[in-house]
Amino acid sequence: MFGLTKKDGMLLLVVAALTMLAPFILNPFPEGSAMAQFNAGYPDLMQRFVIFGIFAIGFNILFGLTGYLSFGHAAFLGVGSYAAIWMMKLLTMNVIPAIIISVLIAGVFSLLVGWISLRRSGIYFSILTLAFAQMSYSLAYSVLTPITGGETGLQPKYTDPRVLDAELPVGQMPRANLFGLEMNTNYQLSMGDWVFTFNAGYYIAAIVMLLAFYLSIRIFRSPFGMMLRAIKSNQQRLNYTGLNSKPYTLAAFVISGMYAGLAGGLLVAMDTQVGAERMFWTASGEVVLMTILGGAGTLIGPVLGAGFIKYMENIVSKINESVLEQWFAFMPDGMTDFFVAMVYPFVGKGWHLTLGLLFMMVVIFLPGGLVQGGQKIAGLFKKRQQSKDTPKGKTEPAE
């Protein structure tokens with residue numbers, strides 16, 4: 001199917017099903033219930049799930065396949081965002097040209113950064129990419145203020161030229177659209193106590209994510225992907241065979257940067273506001289966490305890691321003391337205060353502490369990330385099923 005093996009085709013179908021049914025899957029609790037705050041099926045968060053999934057998929061092509069750890073990928077996310085916003089200001093609010101230019105500009109910039117940074121490997125490569133990202137952030141924040149908007153950032157205005165769009169009425173805010181379909185267009189479906197929101201922008205970003213995921217599968221299974229794995233396994237031995245690994249690592253770096261630019265362009269398409277904070281070093285560190293947490297070198301791992309971290313950031317961070325007091329209200333007053341005091345440091349503003357502890361546990365006990373955890377659980381069920389199918393006192397003959 002689409003040039004994929006049966007196993008990869010099934011994985012693509014599963015990811016497509018989960019993505020298309022996300023408004024139902026992410027809203028398991030009825031509106032108004034005590035557990036409704038754990039629902040994540042609202043448009044802004046679902047868009048972030050798939051967009052940062054694209055960002056992590058691209059980073060995984062570099063880090064997961066070649067082993068080169070970049071600490072500066074947020075630079076390509078930011079460059080893609082700025083390219084997209086200028087396309088919307090100068091040409092059209094249609095998201096297609098903005099997304100295309102974000103990928104192209106990020107690709108050119110990553111070619112420059114990669115050509116310089118890949119002269120070194122290991123920690124020196126990582127520091128070089130971090131330096132480029134911080135230089136890009138500083139330039140966007142202060143030096144290039146006429147182009148980037150500096151601290152306040154950029155957003156479309158009705159006074160922008162936009163040569164392909166009709167002139168807007170005075171004061172009307174321009175809106176991102178796809179041939180007239182605005183990104184914030186919503187349709188709500190009520191089923192009993194449940195309300196499901198279907199957002200046009202989310203489904204457009206989800207389709208792009210599925211295409212990016214399909215392309216990553218083809219890269220992983222291609223001879224090019226095998227060469228990248230060889231580089232990760234032993235680059236020095238590969239060089240001894242007479243093969244030059246530099247063009248392959250540079251190609252992987254550029255592809256990864258273009259994925260980041262695509263994510264940056266989609267962020268602008270969903271929310272037409274761009275700031276320099278997207279290029280800060282913490283954004284680069286976040287994509288590293290996403291990839292390692294989900295499972296570096298796996299196909300679906302980065303997507304799972306991105307969804308997990310964005311869920312923690314947007315849902316767990318909203319749990320405050322009043323919510324905890326409601327949870328433990330059934331206990332005596334002294335016990336309620338005790339449990340609230342014990343749990344509160346790990347939620348709300350302390351969600352980073354919870355994420356850090358979970359990340360430590362994954363690195364120590366599940367080096368393969370969430371994907372390895374799922375494989376272990378599946379293995380346990382498989383062993384139980386085999387033990388049930390095998391009669392007592394009998395064993396399977398060895399082959």
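Towards the positive end of the charge dipole of the range 175-272, with charges on Cβ (+1 Lys, Arg; -1 Asp, Glu), say which of 219, 205, 184 has the farthest Cα.
219
Counting only helical runs of four or more DSSP H residues, what would the 222 nm mean residue ellipticity of the chain come to if each run contributes -39,500 (n - 2.57) and the total is spread over all its residues?
The per-residue figure over the chain is -21000 deg cm²/dmol.
Ignoring ligands, DNA and RNA, what percent of the accessible area of the range 271-334 is carbon or sulfur (1.4 Å)?
60
Can you list residues from other chains, or at least 5 along the same chain, whose modelled amide H is less than 5 Å from the amide H of residue 91?
The list, which skips near neighbours in sequence, is 162, 163.
For the range 127-166, what are the per-bin percents of Cα-Cα distances with bins 10 Å wide, up to the bin holding the maximum?
Binned Cα distances yield the sequence 27, 33, 25, 12, 2.
I need the shape label for the range 44-168. Rule: rounded when a/c is under 1.5, else prolate if a/b > b/c, else oblate, with a, b, c from the alpha carbon gyration tensor.
Verdict is prolate for the range 44-168.
Taking the simple approach of a point 7 Å from Cα along Cα-to-Cβ for both residue 358 and residue 116, what is their distance in nm?
The answer from the label model is 3.7 nm.
Which value results when the Cα radius of gyration for the range 297-399 is divided by 2.2 N^0.38 Å?
Expressed relative to 2.2 N^0.38 Å, the Cα Rg reads 1.62.
May I ask what percent, to the nearest 5, of DSSP beta bridges between residues of the chain are antiparallel?
90
Let me know the Rg and Dmax you get for the range 181-329 when you use only its Cα atoms, in Å.
20.3, 70
Would you grab the residues whose amide H sits under 5 Å from the one on residue 194? Only those 5+ places off in sequence or on another chain, please, with H modelled 1.01 Å from N.
For residue 194, whose amide H was placed from the backbone, the distant partners under 5 Å are 31.
Given a 1.4 Å probe, how much area per residue of the chain is accessible, in Å²?
Counting only protein heavy atoms, the per-residue value for the chain is 52 Å².
How do the peptides 16-22, 383-389 rank, highest first, by the average count of neighbouring beta carbon atoms within 10 Å per residue?
16-22, 383-389
Could you work out the relative contact order of the chain, using alpha carbon pairs under 8 angstrom and six or more residues apart, expressed as a whole percent?
26
Would you calculate the separation in nanometres between label points at residue 376 and residue 314, each defined as 7 Å from the Cα along the Cα-to-beta-carbon direction?
2.9
Calculate the FRET efficiency for residue 388 and residue 131 from the Cβ-Cβ distance with a Förster distance of 56 Å, rounded to the nearest 0.05.
Computed FRET efficiency for residue 388 and residue 131 comes out at 0.45.
Provide, in order from the shortest bin, the percent of all Cα-Cα pairs of the range 238-302 in each 10 Å bin, continuing until the bin that contains the maximum pair distance.
17, 37, 31, 12, 3
Got a sec to turn the phi values of the range 179-190 into Karplus ³J(HN,Hα) couplings, 6.51 cos²θ - 1.76 cosθ + 1.60 with θ = phi - 60°, whole Hz, x for Gly and Pro?
Those phi angles translate into 6, x, 7, 6, 5, 8, 5, 10, 10, 10, 10, 9 Hz.
Based on the alpha-carbon set only, what is the convex hull volume of the range 149-264 divided per residue, in Å³?
Per residue, the Cα convex hull of the range 149-264 comes to 241 Å³.
Report, please, the projected area of the chain averaged over directions, based on the convex hull of its C-alpha atoms, in nm².
27.5
Give a residue-ordered list of calculated ³J(HN,Hα) values for the range 64-70 (Karplus: 6.51 cos²θ - 1.76 cosθ + 1.60, θ = phi - 60°; whole Hz; x for Gly, Pro).
x, 9, 9, x, 7, 9, 9
Output the direction-averaged projected area (hull surface divided by four) of the convex hull of the alpha-carbon atoms of the range 20-87, in nm².
The orientation-averaged projected area of the Cα hull of the range 20-87 comes to 7.0 nm².
The values are calculated or read from the model by the stated rules, or taken from the named source; none is laboratory data. What you see is a predicted model, and the numbers here were worked out from it, not measured in a lab. Counting neighbours? That spans all protein chains shown, and the Cβs are built from the backbone with ideal geometry, glycine included. Areas reflect the complete protein model, heavy atoms only, side chains present, ligands, DNA and RNA absent. Shrake-Rupley method; radii C 1.70, N 1.55, O 1.52, S 1.80 Å.
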